[in-house]
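**Student:** A single structure is presented below for examination.
We did not get these values from a lab; they are worked out from the coordinates using the rules stated. Since this is a predicted model, take the numbers as computed values, not measurements. Neighbour counts run over all protein chains shown; Cβ positions are idealised from the backbone, glycine included.
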């Protein structure tokens with residue numbers, strides 16, 4: 001259950017926190033309660049892809065297409081106005097009058113599930129400024145629209161290519177009166193008649209929301225919902241899949257004596273926060289505490305139900321390989337007074353890199369698929385419990401441009417807190433530009449958390465199933481260890 005941060009037995013959030021999901025257990029009668037401030041630091045402020053100039057796509061096709069294509073796309077599924085697909089994410093600007101934006105149940109579109117939609121309450125006008133540098137032509141602006149019974153039932157859609165000095169109409173008095181309840185309407189505006197598109201640096205779309213024939217219209221409380229907004233056209237450059245990063249801090253606190261769950265929660269951190277303060281109220285006693293920070297487009301895998309410390313595990317799916325997971329645990333924390341506990345989170349992952357040493361041209365390599373061959377590296381902080389039903393068939397798929405970039409692939413391998421090295425292995429399939437397999441091979445090594453592992457060898461020469469890669473290991477983050485293959 002999502003709820004706004006509040007001060008009450010379980011949780012008071014510092015200014016870094018946007019929202020939390022939490023479940024608290026009340027303090028037992030006859031036991032004193034104390035405030036325990038956990039001050040967390042040691043994690044990165046932002047997350048960037050480890051692709052070193054290579055396009056990393058997990059389980060999807062290449063987004064770089066010549067000709068007509070989606071230039072921008074918003075699914076709103078991550079609860080923000082940031083685009084999922086963009087030529088220039090940072091240049092997009094939304095102006096909502098008044099600024100009442102929320103995110104509610106949405107509509108499925110293509111490979112995107114229904115997720116969320118943007119909901120605007122009491123809004124009379126919405127503007128979206130979109131950069132168009134180097135765009136050759138525009139095709140359509142399209143989106144799904146819905147609203148409440150008291151929301152607007154007509155809209156005008158206009159555009160400006162002179163930075164808002166003048167606006168030209170695309171749609172006038174679009175009738176939304178038949179869109180009721182959970183129904184959605186489809187709006188498509190033709191942009192093919194725009195002249196000299198290649199000279200346009202920015203286009204501004206304006207939605208003017210109106211009463212229409214709605215006698216129940218309430219300009220203060222009526223809502224309009226927008227989902228799956230997309231702008232298509234022609235562009236020869238690279239389109240970036242944005243996928244807004246989710247920074248979630250998970251905490252779980254167990255009673256050290258009976259091992260039962262006392263409280264748990266999930267907090268979303270600000271994008272650039274470097275530290276946070278988490279005050280909790282706990283009864284006197286002894287506790288086992290786990291903090292884990294996940295920073296990726298997908299969330300961590302945790303049990304649906306956690307009753308005791310033996311139920312608790314963490315896992316990051318392999319295709320969520322950009323995730324920078326940090327964490328820390330405390331065993332037998334004694335609470336008998338107010339406490340302030342500084343915690344420096346540790347990396348719960350290691351970095352894995354492939355460096356290809358071929359002298360021959362690798363520009364014909366179209367795709368490289370990597371899967372795990374080792375036992376799933378899920379992390380169980382407080383017990384020796386096993387979870388054999390866990391499975392992960394996902395793959396990391398690279399679409400390299402070796403003719404333009406260094407022949408290097410890189411990703412993060414989640415391991416949890418693992419002070420003793422374990423066996424790891426990967427199977428690679430190499431495809432040409434026609435999507436035909438031209439080589440398959442495997443590599444293996446040992447690895448523990450907070451290390452850098454480099455496999456170094458030839459990608460196409462040799463063609464053996466067990467590659468002779470050099471292996472470089474670094475037990476101190478920031479230095480390199482290498483293994484040839």
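**Student:** Would you mind calculating the gained length between residue 395 and residue 134 on full extension (0.36 nm times residue separation, minus the Cα-Cα distance), in nm to one decimal?
**Tutor:** 90.6 nm
**Student:** Given R₀ = 25 Å, what would the calculated FRET efficiency be for residue 31 paired with residue 310, taking r from the Cβ atoms and rounding to 0.05?
**Tutor:** Efficiency at R0 = 25 Å is approximately 0.55.
**Student:** By the gyration tensor of its Cα atoms, with a ≥ b ≥ c the square roots of the eigenvalues, what is the shape of segment 285-417: rounded for a/c under 1.5, prolate for a/b over b/c, or oblate?
**Tutor:** It is prolate, given that a/c is not under 1.5 and a/b is the larger ratio.
**Student:** Related question: For segment 67-237, calculate the relative contact order in percent as a whole number, restricting contacts to Cα pairs under 8 Å that are 6 or more residues apart.
**Tutor:** Normalised by residue count, the contact order of segment 67-237 is 35 percent.
**Student:** Here is a follow-up. Taking 0.36 nm per residue of sequence separation and subtracting the Cα-Cα distance, how much length would be gained by fully extending the chain between residue 461 and residue 344, in nm to one decimal?
**Tutor:** 37.6 nm
**Student:** Here is a further query. Mind giving me the nanometre distance, one decimal, between the label points for residue 220 and residue 275, set 7 Å out from Cα along Cα→Cβ?
**Tutor:** About 4.4 nm, to one decimal.
**Student:** Further question: Quick check: Cα centre of segment 353-391 to Cα centre of segment 309-350, how many Å?
**Tutor:** Centre-to-centre (Cα) distance: 22 Å.
**Student:** Could you work out, for segment 67-237, what percent of all Cα-Cα pairs fall into each 5 Å distance bin, beginning at 0 Å and stopping at the bin that holds the largest distance?
**Tutor:** 2, 9, 18, 22, 21, 15, 9, 3, 1, 0
**Student:** Find the centroid of the Cα atoms in segment 73-96 and in segment 252-289, then give the distance between the two in whole Å.
**Tutor:** So the separation of the two Cα centres works out to 33 Å.
**Student:** Something else: Tell me the volume per residue, in Å³, of the convex hull enclosing the alpha carbons of segment 348-472.
**Tutor:** 108
**Student:** For residue 406, put the label point 7 Å out on the Cα→Cβ axis and report which residues of segment 336-379 keep their amide N under 17 Å from it.
**Tutor:** Zone members listed by number: 351-359, 362.
**Student:** Could you work out, for segment 257-352, what percent of all Cα-Cα pairs fall into each 10 Å distance bin, beginning at 0 Å and stopping at the bin that holds the largest distance?
**Tutor:** Spelled out bin by bin, segment 257-352 gives 12, 42, 35, 10, 1 percent.
**Student:** Arrange the following residues from fewest to most other Cβ atoms within 10 Å of their Cβ: 94, 184, 74. Before the final figure, lay out the partial values.
**Tutor:** Values: 94 14, 184 18, 74 26.
Ascending Cβ contact count within 10 Å gives the list 94, 184, 74.
**Student:** What nm distance separates the two modelled labels at residue 432 and residue 446, each placed 7 Å from Cα along Cα→Cβ?
**Tutor:** Placing both labels 7 Å beyond Cα along the Cβ direction yields 4.1 nm.
**Student:** Quick check on the exposure proxy: order 430, 292 from fewest to most C-beta atoms within 10 angstrom.
**Tutor:** So the residues, fewest neighbours to most, are 430, 292.
**Student:** Can you sort 109, 34 so the residue with the fewest Cβ neighbours within 10 Å comes first? All intermediate terms of the calculation are to be shown ahead of the outcome.
**Tutor:** Values: 109 20, 34 17.
Fewest-to-most ranking of 109, 34: 34, 109.
**Student:** Using only Cα atoms, locate the centre of segment 112-128 and the centre of segment 140-203, then give the distance between them in Å, rounded to an integer.
**Tutor:** Taking the Cα centre of segment 140-203 as reference, the centre of segment 112-128 is 13 Å away.
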